[in-house]
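Data block below; observations after.
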Amino acid sequence: MSKEILINVEPKERRVAVLENKVLEEFFVERTHNIHFLGNIYKGKVSAVVPGIQAAFVDIGMEKNGFLYVSDLGGVGLDEDELTQVESEGVALTHKKRGRALPSISESLKVGDEIMVQVVKEPLGTKGARLTTHISLPGRYLVLMPGDSHVGVSKRIQDLQERDRLKKLFAELELPPGVGFIVRTAGVGKGKKEFASDVRYLVSCWKRIQEKGKRGQAPSLLHEEYDLTLRVVRDNFTEEIDKLVIDSLTEYKKVIRFVRSLMPHLTHRVELYQGKQSLYEKWGIERELDGIYNRRVSLKCGGYLIIEQTESLVAIDVNSGRFTGKHNLEETVFKVNMEAAQEVARQLRLRDIGGIIIIDFIDMEVADHRRKLYKALEEVLRKDRAKTNILTLSDIGLIEMTRQRVRKSLESEAYQTCPYCRGRGSVKSVATMAIEVLRQIKKFAKETGNREVQVNISSTVATQLLNDDRIALAELENQTRCRVVIQGVNEYHLEEVRIFPWQAHSG
């Protein structure tokens, strides 16, 4: 199986695509104007305690106070079962004290208290960030858990012999007191040298955070999580990846330095892309990304999915379409459902859909087929880094499941409520269109060699480019050595773009 990571860097956006056998399996986006808080550690000040919901509101310097449930409040050690059942990797973890009597939030905190907290869920809509005092620091092979002395192994490592080997190895290591560790999946097959190096790095990082916390005033930022590029390199760039390709020299140099410090044996697999055709177009990804936001997703067998996102849940409907099969109806339905299970799991990852999800598979009468479908979905969801929970398949083919939501979905980041249909649908946001226009100008200039081009676009998008994005536009002109004339047209649809060689007095 071939695996590749492709990193595309534009003036206002970073995009990361993870491919398996040339098929897009994971996709991440980070925009320079959007500040991400997930994994950040703060020194906060309690602004309110609400016993009725067993939560406190904490000022961490954001527009909205974060909220801290009593179950996410420290003071009770974690047991072995809780550590080994870790299902989320690389971000802060929340721990519910199952089977324990929780103290009242008012007994543990009072207004004005200063506490160290970590963001476990980005602010969403009207809600502030969700916080925890159970700090976790992800490294290359380990996650450090301050305040505990246990060593656990990620639940994703299922090989029993490897789990036993890792536990025995850690029993021989000299570990500092007062901290616990969880072995990540990247630690499979690794030895004492790699783990000892990770322990030193994480302990040093934790000491710096503690020292900063003692000196700093609340609210203040104590530790900032890596940006998208370095997070992906740390969490995804393993021996299984054949190559990591980057189309930015600046980002390439940054990654090379990072890889040399953490995983020098993989340095030769990092490549700088300098082709004339854009990186994602060369790999055929750009076309596939356009389909991420479509309601309808076609299956190879001829069936299709309909994905509907509502405010409270996501509904996915499986349809047989033009697929009729070669034998009987039951076999046809079974084949469509099995392919749909694979695609559903893939779409959940690509779109970063979270919350309650209802999947309406086509009805099947054979009990063995229903069991196989459930196991197939369960198996493919194991690849998902987000925590998932699946309920049993009902007699009418419905599966209810939940998927961990820690940030906005990809669709909500890229689209806004449509001003033309007044909320009945959606169009791309002004920021998204501005980025796409810059990308199209770059492509047009490279392909045609023109030194002056005119771009006719919606007046709203033109205003964005000529004001907020004027620096990015100037950088693009310098990069392509092409003068760009932006013309806003009131009658244009928000997504309408026309680019052509510039001529004086052209309309």
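The values are calculated or read from the model by the stated rules, or taken from the named source; none is laboratory data. Remember, it's a predicted structure, so these values are computed and weren't measured experimentally. Cβ atoms come from the backbone with ideal geometry, glycine included; neighbour counts cover every protein chain shown. Heads up: the accessible areas ignore ligands, DNA and RNA and are worked out on the full protein's heavy atoms, side chains in. Shrake-Rupley method; radii C 1.70, N 1.55, O 1.52, S 1.80 Å.
Taking the criterion of being in a helix (DSSP H, G or I) and under 21 Å from the mean Cα position of the chain (by Cα), the only residue of segment 293-340 that qualifies is Y293. Look at A92 and say whether it is of a type in the set (A, V, I, L, M), within 30 Å of G180 (Cα to Cα), modelled with pLDDT of 90 or more and crowded, with 20+ Cβ neighbours inside 10 Å. Criteria not met by A92.
The combined condition, being closer than 25 Å to K214 by Cα and not hydrophobic (A, V, I, L, M, F, W, C), is not fulfilled by G52.
Restricting to segment 30-82, name every residue that is assigned to a loop (DSSP other than H, G, I, E, B) and at pLDDT below 85. Let's see the steps before the verdict.
The initial filter retains those residues of segment 30-82 that are assigned to a loop (DSSP other than H, G, I, E, B), namely 32-40, 54, 60-65, 73-79.
Residues satisfying the conditions are T32, H33, N34, I35, H36, G74, G75, V76, G77, L78, D79.
Looking at segment 125-165 only, could you name the residues that are open to solvent by 10 Å² or more (accessible area, probe 1.4 Å), part of a strand (DSSP E or B) and farther than 24 Å from A196 by Cβ? Matches in segment 125-165: K127, R130.
Any residue at all in segment 269-280 that is part of a helix (DSSP H, G or I), of a type in the set (A, V, I, L, M, F, W, C) and closer than 19 Å to R349 by Cβ? Looking through segment 269-280, none of the residues is part of a helix (DSSP H, G or I), of a type in the set (A, V, I, L, M, F, W, C) and closer than 19 Å to R349 by Cβ. Of all the residues in segment 214-233, those that are open to solvent by 10 Å² or more (accessible area, probe 1.4 Å), part of a helix (DSSP H, G or I) and either in contact with a helix residue (DSSP H, G or I) (Cβ under 6 Å, 6 or more places away or on another chain) or touching a residue at least 24 places away in the same chain (Cβ under 8 Å) (or both) number 2. Each residue in segment 209-254 was checked for being closer than 26 Å to R31 by Cα and charged (D, E, K, R), and 11 pass. Taking (1) surrounded by 20 or more Cβ atoms within 10 Å (Cβ to Cβ); (2) in a loop (DSSP other than H, G, I, E, B) in turn, T392 satisfies each apart from (1).
Here V344 fulfils each of the conditions (1) surrounded by fewer than 19 Cβ atoms within 10 Å (Cβ to Cβ); (2) at negative phi apart from (1). Scanning segment 480-495 for residues that are closer than 28 Å to G275 by Cβ and open to solvent by less than 70 Å² (accessible area, probe 1.4 Å) yields a total of 5.
In segment 309-319, which residue that is modelled with pLDDT of 90 or more and open to solvent by 30 Å² or more (accessible area, probe 1.4 Å) is farthest from E339 (Cα to Cα)? Checked segment 309-319; the qualifying residue farthest from E339 (Cα to Cα) is A315. For the residues E379, E343, E365, the requirement of being modelled with pLDDT under 90 and not in a strand (DSSP E or B) singles out E365.
Going through segment 236-254 one residue at a time, which ones are touching a residue at least 60 places away in the same chain (Cβ under 8 Å) and open to solvent by less than 30 Å² (accessible area, probe 1.4 Å)?
From segment 236-254, those touching a residue at least 60 places away in the same chain (Cβ under 8 Å) are 236-237, 240-248, 250-251; that's our starting set.
Within segment 236-254, N236, F237, I241, L244, V245, I246, S248, E251 qualify.
I want to confirm something. Restricting to segment 268-292 and keeping residues that are within 21 Å of the chain's Cα centre (by Cα) and open to solvent by 60 Å² or more (accessible area, probe 1.4 Å), which single residue is nearest to Q309 (Cα to Cα)? Applying the filter and picking the extreme gives D290.
Residue under question is E211, and the condition is that it be charged (D, E, K, R), closer than 18 Å to L142 by Cα and either without any contact (Cβ under 8 Å) to a residue 12 or more places away in the chain or open to solvent by 30 Å² or more (accessible area, probe 1.4 Å) (or both); does it hold? Before the answer, list the steps.
Details: charged (D, E, K, R): yes; closer than 18 Å to L142 by Cα: no; either without any contact (Cβ under 8 Å) to a residue 12 or more places away in the chain or open to solvent by 30 Å² or more (accessible area, probe 1.4 Å) (or both): yes.
It is false that E211 is charged (D, E, K, R), closer than 18 Å to L142 by Cα and either without any contact (Cβ under 8 Å) to a residue 12 or more places away in the chain or open to solvent by 30 Å² or more (accessible area, probe 1.4 Å) (or both).
Of all the criteria given as (1) under 29 Å from V120 (Cβ atoms); (2) open to solvent by less than 70 Å² (accessible area, probe 1.4 Å), the one not satisfied by K387 is (2). Look at segment 387-402: where a residue is closer than 9 Å to F361 by Cβ and touching a residue at least 40 places away in the same chain (Cβ under 8 Å), no partner that is of a type in the set (K, R) and open to solvent by less than 30 Å² (accessible area, probe 1.4 Å) sits 6+ places away or on another chain with Cβ atoms under 8 Å.
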